[in-house]
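The values are calculated or read from the model by the stated rules, or taken from the named source; none is laboratory data. In this text the structure is predicted, and so the values were computed from the model without any measurement. Cβ: placed from backbone, ideal geometry, glycine included. Neighbour counts: every protein chain shown. Heavy atoms of the whole protein, side chains included, go into the accessibility calculation; ligands, DNA and RNA do not. Shrake-Rupley method; radii C 1.70, N 1.55, O 1.52, S 1.80 Å.
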Amino acid sequence: MTDATDRVAVPCPACSPEFETVHEVLSEGGQATVRCTECGHVHKTSLPDETTLQRDVVVSQDGESFAASTDVPAEETLAVGEEFLLETDEAIMTVRITSLELDEDRVERAPAEDVRTIWTRAVGNVSVDATVHPKDGDREGTRSETLHVPGDYEFVVGETDELGDLEFTIEGIHLRADAHGYTHEKLDHDGDMAFAKDVKRLLVRDESSTAWSAW
């Protein structure tokens, strides 16, 4: 979703008094201060009223889901992969759209007026599953760990990282289905990077000084 108050379409008294041009909103108020993107003229004007629609939101977080609601600009087009701030009774969180539910179908892109429920996943702080291989290469000692990190935390193939008591080298990254901007679903070349919010599972080698044991 975009911030509808950043830019508005209003007439410019300097270059287009009869027709609307795109203006940047410099400050809001009874009379907002705006700057024409065509000629750079700064002037005051009344901002057009924005019509919003209230839509149900379902948020998935750490294997659980809860319901909320949000106001969406009526002329907005929503799409899977977009992120927005959602205000709930408990907190303000960043969520990513994973599906859009219409009356009888689910789609990846639709006008806000057609959407009934916005399905999302919390991406501000995320849990990332990791398959940890022992340092000595013994596959029988492989185990699973869950890493809790900010959504924008960067994981890079070939680099050694340390989180809590775990020190590890990343060998591969499996991406989520809603991740965008990557060339492959699995990253396994040195230097490949993914944000934690896009990661489905990490494949790592344990570099901890103290060997892990099940006993």
Task: region 138-169, subset hydrophobic (A, V, I, L, M, F, W, C) and in contact with a Ser or Thr (Cβ under 8 Å, 6 or more places away or on another chain), residue surrounded by the fewest Cβ atoms within 10 Å (Cβ to Cβ) - done: 166
Open item on the list: Taking the criterion of being open to solvent by less than 70 Å² (accessible area, probe 1.4 Å), among the hydroxyl-bearing types (Ser, Thr, Tyr), touching a helix residue (DSSP H, G or I) at 6+ places or on another chain (Cβ under 7 Å) and touching a residue at least 40 places away in the same chain (Cβ under 8 Å), would at least one residue in region 201-215 satisfy it?
Closed with: no
Task: Checking residue 89 against (1) free of Cβ contacts under 8 Å to residues at least 40 places away in the same chain; (2) of a type outside the set (A, V, I, L, M); (3) surrounded by 13 or more Cβ atoms within 10 Å (Cβ to Cβ), the condition it does not meet - done: (3)
Task: region 170-194: number of residues that are surrounded by 12 or more Cβ atoms within 10 Å (Cβ to Cβ), more than 22 Å from residue 61 (Cα to Cα) and small (Gly, Ala, Ser) - done: 1
- [ ] Hand me the list of strands (runs of 3 or more DSSP E) wholly inside region 24-140 holding 2 or more residues that are under 23 Å from residue 202 (Cβ atoms) and under 22 Å from the mean Cα position of the chain (by Cα).
- [x] 52-61, 92-101, 117-122, 125-133
Open item on the list: Going residue by residue through region 99-122, is there one that turns out to be open to solvent by less than 10 Å² (accessible area, probe 1.4 Å) and without any contact (Cβ under 8 Å) to a residue 24 or more places away in the chain?
Closed with: yes
Task: Unmet criterion (only one of (1) in contact (Cβ under 8 Å) with a residue 40 or more places away in the chain; (2) surrounded by fewer than 15 Cβ atoms within 10 Å (Cβ to Cβ)) for residue 24 - done: (1)
